[in-house]
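One structure coming up, written as structure tokens, with questions to follow.
The values are calculated or read from the model by the stated rules, or taken from the named source; none is laboratory data. Since the model is a prediction, treat every value here as computed from it, not as a measurement. Cβ sites come from the backbone with ideal geometry, for glycine too, and all protein chains shown count toward neighbours.
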């Protein structure tokens with residue numbers, strides 16, 4: 001038997017017993033090895049197949065524009081995002097919109113308001129409970145990823 005037919009036999013066998021992800025993982029690894037990640041191919045792959053958990057965060061960060069498609073700039077961009085997060089947090093603490101006791105969901109809302117130019121003039125301005133960002137930030141207030149990953 002040739003190497004190619006053995007691999008095909010193995011693939012068919014794995015599919016029959018329910019381990020379809022073996023070839024998918026290899027094809028995703030091939031996509032991720034490119035010097036510049038092809039977002040079109042990653043998007044298509046993520047729509048057709050489940051993403052392995054070890055690559056899920058990276059793929060979604062690239063697809064959502066949090067990380068650029070070039071591998072060599074990922075660490076630098078994440079460092080800049082962390083600095084931006086800390087700068088905005090410090091600015092909100094200086095103007096007394098947030099404190100250490102402020103719930104994280106409200107901190108995210110105030111950060112969004114500051115970044116989008118919609119921060120009210122007074123911190124006593126009531127928060128709208130149905131505000132989409134407050135709902136979103138309370139959903140994101142889980143220990144999934146570091147907080148600075150959410151700030152765009």
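Which of the residues spanning segment 102-122 are exposed (fewer than 14 other Cβ atoms within 10 Å of the Cβ) and touching a residue at least 12 places away in the same chain (Cβ under 8 Å)?
Within segment 102-122, 103, 115 meet the criteria.
Is it the case that residue 99 is modelled with pLDDT under 85 and either over 30 Å from residue 58 (Cα atoms) or surrounded by 16 or more Cβ atoms within 10 Å (Cβ to Cβ) (or both)?
In short, no.
Related question: Could you list, in sequence order, the residues of segment 70-106 that are closer than 30 Å to residue 32 by Cα and in contact with a helix residue (DSSP H, G or I) (Cβ under 6 Å, 6 or more places away or on another chain)?
81, 82, 85
Surrounded by 13 or more Cβ atoms within 10 Å (Cβ to Cβ), touching a helix residue (DSSP H, G or I) at 6+ places or on another chain (Cβ under 8 Å) and not assigned by TED's automatic domain parsing to the domain that holds residue 110: does that describe residue 31?
Judged against the criteria, residue 31 is a match.
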